[in-house]
């Protein structure tokens with residue numbers, strides 16, 4: 001359903017920005033409060049108390065040394081803390097329920113065709129939905145997203161067979177949890 005919807009939305013547009021806006025409105029109108037919640041507000045809302053802003057550039061020391069990529073003190077210091085991060089949802093042809101990946105740049109994965117040979121940058125974050133939404137499939141949302149939640153740093157095997165170094169447990173606003181928008 002979502003692929004068909006996005007194809008219908010993008011046909012005939014010459015401006016990517018206007019196509020993006022129309023796609024977001026169409027997805028949000030399809031009773032998808034999660035999509036509306038993830039979309040980055042313009043300008044960004046004030047940073048909640050106790051939340052730090054994290055940037056993808058703060059993940060690893062550059063250039064990579066002889067031991068490969070090494071996490072920065074900034075990334076390791078935010079482990080277990082609430083953070084705000086802006087990035088692009090990785091467009092996957094085999095999405096996993098209850099999670100999506102956030103990247104520093106737009107990426108499309110063709111897992112059906114390429115298997116594990118993907119082009120993900122090292123600065124990818126696995127974003128987990130709240131338990132109330134754990135089984136829900138997240139439709140692809142184009143453009144820059146804003147996510148907030150608890151950061152977790154360290155190697156971990158994911159249900160989809162990948163290994164993750166950085167994860168974020170997405171916050172879900174209390175107003176949405178009690179309002180019937182979670183189905």
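Read-outs throughout are calculated quantities, based only on the coordinates presented, and are distinct from any laboratory measurement. Keep in mind it's a predicted model, so treat the numbers as computed, not measured. FYI the Cβ positions are ideal-geometry reconstructions off the backbone, even for glycines, and counts take in every protein chain you see.
Normalising by the residue count of the stretch 45-173, find the relative contact order in percent from Cα pairs under 8 Å and 6+ residues apart.
Dividing the mean separation by the residue count of the stretch 45-173 yields 24 percent.
Report the extension gain between residue 156 and residue 171 in nm, rounded to one decimal, defined as 0.36 nm multiplied by the number of residues separating them, less their alpha carbon distance.
Result: 3.3 nm gained on full extension.
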Margin query: Let's test the formula: R0 of 41 Å, r as the Cβ-Cβ distance of residue 45 and residue 67. What FRET efficiency results, to the nearest 0.05?
Written below: 0.60
Notebook entry, point to check: Per the Kirkwood treatment, what hydrodynamic radius in Å, one decimal, follows for the stretch 45-173 from the mean inverse distance over all distinct Cα pairs?
Noted result: 15.3
